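Trainee: Please see the structure below; I have some questions.
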Amino acid sequence: MKPINPIQLKQLIEASLFVLAKPLSIKAIKETVLADFSVSRTRIQETLDELQQDYQERGVQLVKIASGYRFQTQEILSPYLQPLWQDKSPKYSRATLETLAVIAYRQPVTRGDIEYIRGVAISSHIIKSLADRQWIKVVGHKEVPGKPALYATTPAFLDYFNLTKLADLPALTDAASLQGLFDKVQVALDESNDDDSSDDHQDDSENGSDTTTNELDDVDDEAVDVVEKGQNLTH
């Protein structure tokens, strides 16, 4: 194993985080770009801490999330950077956000559990869309008749919402608190009746579920902010 000096180590870790379009864990860094060098996990961690300090006041920051470390822009700069992207950030229906919140806070849960807490039926499209985004997955089956699937969030969910673990979410202690979170979600009125409204709206209408109109409209940016800041209900 070859030695590596502190400057080279810092440069190599920094470069590897820049070129890869996904988070890197300490283990991954050690087993890939540093595989030929004699360097401990402790030393890698110390170098990452130094890099975080170096980028603290810059437009790009090094942050730790569930899957490891990644560079990302400061949140405060987001509105000014939006013109650089032609595609707008996706918006999700209230039904989708509520379903995701229930899974995040009550996991593992069955579809029946979600419907009980929300008070309305849930369409298969919502579950499928969350699974397709890799935000939720089946982690087992409940030992009751029919053995329904148990759903839980994934590391990709934590990464997307800039979390390291579920415990980082604000504590909600009961179903009433969860309902309080739902009440903060502001529903945008679809005045234009555009055909491009939420896919959940179309799917729920076809299946006769989530019949409350407000639950089927697209949510505004404030709703997304609520979900980004919301987290895991104690069992």
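Trainee: Please specify each residue of the range 137-155 satisfying the condition of being more than 28 Å from residue 65 (Cα to Cα) and either among the acidic types (Asp, Glu) or in a strand (DSSP E or B) (or both).
Mentor: Taking the range 137-155 first, the residues more than 28 Å from residue 65 (Cα to Cα) are 141-148.
141, 143, listed by residue number.
Trainee: Within the range 61-78, is even one residue part of a helix (DSSP H, G or I), modelled with pLDDT of 95 or more, under 27 Å from the mean Cα position of the chain (by Cα) and not aromatic (Phe, Trp, Tyr)?
Mentor: First pass over the range 61-78, keeping only residues part of a helix (DSSP H, G or I): 75-78.
Applying the additional criterion that residues be modelled with pLDDT of 95 or more yields none.
No, every residue in the range 61-78 fails to be part of a helix (DSSP H, G or I), modelled with pLDDT of 95 or more, under 27 Å from the mean Cα position of the chain (by Cα) and not aromatic (Phe, Trp, Tyr).
Trainee: Moving on to the next point. Of the residues that make up the range 93-116, is at least one within 29 Å of residue 30 (Cα to Cα) and either hydrophobic (A, V, I, L, M, F, W, C) or assigned to a helix (DSSP H, G or I) (or both)?
Mentor: no
Trainee: Another question, if that's okay. Does the range 47-62 include one or more residues that are among the polar types (S, T, N, Q) and surrounded by fewer than 11 Cβ atoms within 10 Å (Cβ to Cβ)?
Mentor: Step one: filter the range 47-62 for residues among the polar types (S, T, N, Q), giving 47, 52-53, 56, 61.
Applying the additional criterion that residues be surrounded by fewer than 11 Cβ atoms within 10 Å (Cβ to Cβ) yields 53, 56.
Yes, that holds for at least one residue.
Trainee: When you check residue 121 against the structure, is it touching a Ser or Thr at 6+ places or on another chain (Cβ under 9 Å) and surrounded by fewer than 17 Cβ atoms within 10 Å (Cβ to Cβ), yes or no? Give the derivation first.
Mentor: Values: touching a Ser or Thr at 6+ places or on another chain (Cβ under 9 Å): yes; surrounded by fewer than 17 Cβ atoms within 10 Å (Cβ to Cβ): yes.
Yes, satisfied.
Trainee: If I go through the range 30-39 residue by residue, how many of them are open to solvent by less than 60 Å² (accessible area, probe 1.4 Å) and part of a loop (DSSP other than H, G, I, E, B)? Steps first, please.
Mentor: The initial filter retains those residues of the range 30-39 that are open to solvent by less than 60 Å² (accessible area, probe 1.4 Å), namely 33-35, 37, 39.
Keeping just the survivors that are part of a loop (DSSP other than H, G, I, E, B) gives 33-35, 39.
Final tally of qualifying residues: 4.
Trainee: Could I ask something else about it? Which one is nearest to the chain's Cα centre (by Cα), of the residues in the range 5-30 that are without any contact (Cβ under 8 Å) to a residue 12 or more places away in the chain and more than 27 Å from residue 161 (Cα to Cα)?
Mentor: So, considering only residues that are without any contact (Cβ under 8 Å) to a residue 12 or more places away in the chain and more than 27 Å from residue 161 (Cα to Cα), the one nearest to the chain's Cα centre (by Cα) is 11.
The values are calculated or read from the model by the stated rules, or taken from the named source; none is laboratory data. All values derive from a computational prediction rather than experimental measurement. Reconstructed Cβ throughout: ideal geometry from the backbone, glycine too, with neighbour counts over all protein chains shown. To get the accessible areas, we keep the full protein, side chains included, count just its heavy atoms, and leave off ligands, DNA and RNA. Shrake-Rupley method; radii C 1.70, N 1.55, O 1.52, S 1.80 Å.
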